[in-house]
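Accompanying notes for the structure given below.
The values are calculated or read from the model by the stated rules, or taken from the named source; none is laboratory data. Because the structure is predicted, anything quoted here is derived from the model rather than measured. Cβ placement follows ideal geometry from the backbone for every residue including glycine, while neighbour counts extend to all protein chains displayed. All accessible areas refer to the heavy atoms of the entire protein, side chains included, with ligands and DNA or RNA removed. Shrake-Rupley method; radii C 1.70, N 1.55, O 1.52, S 1.80 Å.
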Amino acid sequence: MSGEVQREPLIEVENLYVYFYTYAGVVKAIEDVSFTIYKGETFCLVGETGCGKTVVSRTLTNIVPPPGRIVKGKVIYHRDGEEVNIIKLSEEELRNIRGREIAYIIQDPSAALDPLYVVGYQIAETMVDHGTVKDFKEGFGRAVRLLKEVLIPDPERRVKAYPHELSGGMRQRVVISMGLSNEPKLLIADEPTSYLDVTVQAQVLDLLRELKRKKGLTVLLITHDMGVVAEMCERVAVLYAGNIVEVAPVDELFKRPKHPYTVGLLRAVPNPLTEIEKLESIPGTVPNLIKPPSGCRFHPRCPHATEKCRREKPPLIRVGPSHYVRCWLYAGRGEEVAKSE
Ligand code: SF4
């Protein structure tokens with residue numbers, strides 16, 4: 001045995017463009033985004049607030065809210081040996097995938113739970129809707145087991161609790177149990193700890209890691225927090241102003257960041273793998289995507305910007321095994337490719 005890990009793709013996003021048609025103008029929120037999520041890995045999308053992480057994640061089940069529209073691209077889902085383009089599916093076909101094969105945990109557990117129903121009912125409802133259980137009675141039984149799995153104490157009692165009777169950490173665990181209830185192939189966790197205090201954050205991240213290990217889940221984790229990236233992910237895509245600017249295995253990204261934006265992001269937070277004396281901020285702000293900067297979208301904030309950066313969009317360059325960067329600084333120092341792994 002070679003010991004090499006076989007990497008089978010689960011999701012391949014290809015050349016994706018998402019625009020929002022607002023009264024103020026067309027917001028070019030996502031342009032030319034491509035990446036692959038492999039079975040069994042935790043893949044991270046990281047970037048500042050407003051860079052388009054959540055919009056990208058929503059394209060995976062084709063739920064971009066109006067006035068947004070996917071204007072170009074493919075989202076290929078490898079479904080039991082078949083390649084399905086999610087963007088071309090009908091609403092009925094998508095209903096079988098959303099919440100069942102691809103589940104979503106949103107940032108704010110309070111927004112995900114209905115205050116009028118006990119949590120057991122809400123977990124059971126997710127399973128009844130998708131035919132995973134035959135009725136609510138069976139659903140309640142499964143809900144107790146799911147609450148136990150996400151380490152909620154006294155699950156027989158808590159299954160009958162209303163959301164307001166639970167702490168923030170417990171509500172997030174309930175939302176995770178709802179996400180897992182139909183045994184999805186991909187779990188999308190969108191900033192799953194940003195509403196929780198630091199100690200509860202650590203518990204929820206531990207729980208997600210343990211569940212992933214036990215169930216062999218594939219996870220797409222969306223975060224702005226490089227600490228969460230370091231702890232949870234195997235590979236990372238860095239998103240800036242609707243473009244992926246770097247993709248790399250997590251250790252490689254922390255040890256050898258290439259893109260000036262990634263370097264800036266890592267200097268702006270305490271880095272768990274290196275010692276930095278002083279934290280720095282990235283000058284300027286995220287651009288208005290109604291009129292995005294020409295050429296490289298990062299050029300107004302980049303200390304290395306040249307005339308070429310202002311004029312021409314940089315190509316994607318493979319700079320190492322599984323390491324890709326979109327920056328003119330690396331032209332001629334790697335192989336230009338159409339898309340990253
Ligand atoms: Fe900076 Fe130019 Fe690289 Fe963009 S392409 S990150 S402006 S050096």
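Within the stretch 290-304, residues that are assigned to a helix (DSSP H, G or I) reach partners that are more than 8 Å from the ligand (Cβ to nearest atom) with beta carbons closer than 7 Å, at six or more positions or on different chains, in the pairs H299/P293; P300/G284; P300/P287; P300/P293; R301/I282; R301/P283; R301/G284.
Could you list, in sequence order, all residues of the stretch 305-318 that are within 11 Å of the ligand (Cβ to nearest atom) and either closer than 22 Å to E335 by Cβ or in a loop (DSSP other than H, G, I, E, B) (or both)? Listed by number, the residues that qualify are A305, T306, K308, C309, E312, K313, P314, P315, I317.
Does P249 qualify as being open to solvent by 30 Å² or more (accessible area, probe 1.4 Å) and either more than 12 Å from the ligand (Cβ to nearest atom) or under 30 Å from I11 (Cβ atoms) (or both)? Considered against the rule, which asks whether it is open to solvent by 30 Å² or more (accessible area, probe 1.4 Å) and either more than 12 Å from the ligand (Cβ to nearest atom) or under 30 Å from I11 (Cβ atoms) (or both), P249 comes out as yes. Of all residues in the stretch 241-260, those satisfying the criterion of being under 19 Å from the mean Cα position of the chain (by Cα) and not acidic (D, E) are A241, G242, N243, I244, V245, V247, A248, P249, V250, L253, F254. Just one of the listed residues (V84, V75, V118, V71) is in contact with a Lys or Arg (Cβ under 8 Å, 6 or more places away or on another chain) and either among the aliphatic types (A, V, I, L, M) or at pLDDT below 95 (or both), namely V118.
Test R256 against the criterion of being surrounded by 17 or more Cβ atoms within 10 Å (Cβ to Cβ) and away from the ligand (no atom under 13 Å from the Cβ), and give yes or no. Spelling it out, it is not the case that R256 is surrounded by 17 or more Cβ atoms within 10 Å (Cβ to Cβ) and away from the ligand (no atom under 13 Å from the Cβ).
Yes/no matrix, rows are residues, columns are (1) free of Cβ contacts under 8 Å to residues at least 60 places away in the same chain; (2) part of a loop (DSSP other than H, G, I, E, B); (3) open to solvent by 10 Å² or more (accessible area, probe 1.4 Å):
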residue	(1), (2), (3)
E14	no, no, yes
Y19	yes, no, yes
D32	no, no, yes
G40	no, yes, yes
T49	no, yes, yes
T54	no, no, yes
V64	yes, yes, yes
I76	no, no, yes
D114	yes, yes, yes
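Scan the stretch 220-234 for residues that are surrounded by fewer than 24 Cβ atoms within 10 Å (Cβ to Cβ), in contact with a Phe, Trp or Tyr (Cβ under 8 Å, 6 or more places away or on another chain) and outside any helix (DSSP H, G or I) and the total you get is 2.
Exactly one residue out of E183, E210 is over 30 Å from D32 (Cα atoms), in a loop (DSSP other than H, G, I, E, B) and either under 19 Å from the mean Cα position of the chain (by Cα) or not basic (K, R) (or both), and it is E183.
How many of the residues in the stretch 322-339 are assigned to a loop (DSSP other than H, G, I, E, B) and either within 16 Å of the ligand (Cβ to nearest atom) or more than 27 Å from the chain's Cα centre (by Cα) (or both)?
5
Does S194 satisfy the condition of being in contact (Cβ under 8 Å) with a residue 40 or more places away in the chain, open to solvent by less than 10 Å² (accessible area, probe 1.4 Å) and small (G, A, S)? Answer is no for this residue. The residue list E149, E101 contains one member that is in contact (Cβ under 8 Å) with a residue 12 or more places away in the chain, under 23 Å from T193 (Cα atoms) and open to solvent by less than 30 Å² (accessible area, probe 1.4 Å), which is E101.
Results for (1) closer than 17 Å to D108 by Cβ; (2) over 26 Å from the mean Cα position of the chain (by Cα); (3) not in a loop (DSSP other than H, G, I, E, B), shown as yes or no for each residue.
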site	(1), (2), (3)
G131	no, yes, no
R145	no, yes, yes
L151	no, no, no
V174	yes, no, yes
S177	yes, no, yes
I188	yes, no, yes
D206	no, no, yes
